[in-house]
Amino acid sequence: MTKKVLIMTQNFYPVIGSAGNRMKNIFQLLNENNIETKVLTIEPSYPNKNLYKSKEFWDDEELNKETKKIIRVPIKNKKYSNSIFSRLFFYLEIMVRFIITLWKLRKEKIDYILVSTPPIFIVFSAFIGRFLTNSKIILEVRDLWPDSLLGVKAFDSHLTIRFFRFLEKKMYQKADAIVINSKGFEKHITEKLGHDEKTIVYIPNGPRESELTKHREFSSEFSVVYTGNIGLAQDIGRLKAIAKSLHEHNIRFNVIGYGIKVAELVNFIETENLSNVRIFNPATRKKSLDLIRESNIAIAFLNDEDVFSTVLPGKIIDYITCSTPVIAGVEGTAADLINHNKVGYAYESRDIAKMIHKIMELKQDNKKLEELSDNCEKVIQQEFLWETNISKLIGIIDK
């Protein structure tokens, strides 16, 4: 008998970023493997709803025609904000609207609800959905919450954080299985579970086979690229320092950025007259990958907080997908991936001078760049292809 899965997620095609792309791949590949899968999501709104008025983001005709398996609920609060309370009401609205939709689906057969967190409030609606549909829960953890709130210093109410930690623990305990996208999360979750044994499966972000880069040749103009979110976790101060230093060394620096700190970065570039730095508007995944492929080196940053040492940023996987060597100010899980597989160099995020020195060194060493690029191709094939890794999720569903 065909298994049936309902994916519950805030971010889904055509939303840009790692989360939306991840959910799209899971949805498509489960259906391709004869697991009847629907998705419950909101209207695309990240980083802003107006972005998706452009047809260029709706570039998957198969999904554009899909009306029965993709359920999109409208949300009144469509703006992302720095305010933790504004975001809280945004998440609570999603939770309520998801519960209403689950009530309408209560008579449908659903074997598994796969729910993606953060935000944690969607998980609560999934647990209500389990009761309504007599299904099991696969909890997908893409970030450690509420630790990530503390990491970006967005919230400091000790009483509220204690309550959130209680909810986090219950979330892990009530799930039937847990999927993580970074190996760094496993220890934290295991400690929260205590003696409660639970299936925890590592399924990283990654590319589809069609997105792989064949053997590449570097462009004549040496350039560095940064793509993705520019928010509270990405350390904009160090990104500014990198931009200024690359400009002073007459190196082209391309940025495809979105998030709450973009305007600050744009203002800095204009004020400092950094003519070698170019900011691109948020782009489709295909255009972003093309720009990465045209670049000689890609950079990434995360703040120094302990919680971020457990994270494996999706942008780093995208860089490696494009066979573009990585220079990153990261520690822990991401640094281990970069250094162990020799796809670039990882430094403590404050070591801007060392990062610039390494970029200048590689600028004069095409042979080393090609070696790092070749290593990128190998590790993607070995560990990160969605067509291979989806079998881990199918294994949970078929168990």
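Here are the numbers:
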{"quantity": "Filter result for SER220 (without any contact (Cβ under 8 Å) to a residue 12 or more places away in the chain and hydroxyl-bearing (Ser, Thr, Tyr))", "calculated": "yes"}
{"quantity": "Positions within the range 52-68 being over 16 Å from GLY20 (Cβ atoms) and assigned to a loop (DSSP other than H, G, I, E, B), in sequence order", "calculated": "LYS65, THR67, LYS68"}
{"quantity": "From THR67, THR37, residue being surrounded by 15 or more Cβ atoms within 10 Å (Cβ to Cβ) and either at pLDDT 90 or above or assigned by TED's automatic domain parsing to the domain that holds ARG130 (or both)", "calculated": "THR37"}
{"quantity": "Residue check for VAL379: hydrophobic (A, V, I, L, M, F, W, C) and touching a Leu at 6+ places or on another chain (Cβ under 7 Å)", "calculated": "no"}
{"quantity": "Whichever residue in the range 272-282 is in contact with a strand residue (DSSP E or B) (Cβ under 9 Å, 6 or more places away or on another chain) and assigned to a loop (DSSP other than H, G, I, E, B) and, among such residues, is surrounded by the fewest Cβ atoms within 10 Å (Cβ to Cβ)", "calculated": "ASN281"}
{"quantity": "Qualifying positions in the range 179-230 - among the small types (Gly, Ala, Ser) and touching an Asp or Glu at 6+ places or on another chain (Cβ under 6 Å)", "calculated": "SER219"}
{"quantity": "Total residues in the range 101-126, condition without any contact (Cβ under 8 Å) to a residue 24 or more places away in the chain and assigned to a helix (DSSP H, G or I)", "calculated": "1"}
{"quantity": "Those residues of the range 354-399 which are without any contact (Cβ under 8 Å) to a residue 24 or more places away in the chain and within 14 Å of ILE299 (Cα to Cα), in sequence order", "calculated": "LYS354, HIS357"}
{"quantity": "Tally of residues being out of contact with any Asp or Glu (no Cβ under 9 Å at 6 or more places or on another chain) and among the hydroxyl-bearing types (Ser, Thr, Tyr) across the range 348-387", "calculated": "1"}
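Table: residues versus (1) in a helix (DSSP H, G or I); (2) closer than 19 Å to GLU186 by Cβ.
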| position | (1), (2) |
| --- | --- |
| TYR319 | yes, no |
| ASN339 | yes, no |
| TYR345 | no, no |
| MET355 | yes, no |
| LYS367 | yes, no |
| GLU370 | yes, no |
| SER373 | yes, no |
| ASN389 | yes, yes |
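The rows are residues; the columns are (1) assigned by TED's automatic domain parsing to the domain that holds LEU246; (2) in contact with an Asp or Glu (Cβ under 8 Å, 6 or more places away or on another chain); (3) closer than 19 Å to ILE242 by Cα.
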| site | (1), (2), (3) |
| --- | --- |
| PHE308 | yes, yes, no |
| THR324 | yes, no, yes |
| GLY329 | yes, yes, yes |
| ASP336 | yes, no, no |
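The values are calculated or read from the model by the stated rules, or taken from the named source; none is laboratory data. Note that the structure is a prediction, hence the values are computed from the model and not measured. As a convention, Cβ positions derive from the backbone with ideal geometry for all residues, glycine included, and neighbour counts pool all protein chains shown.
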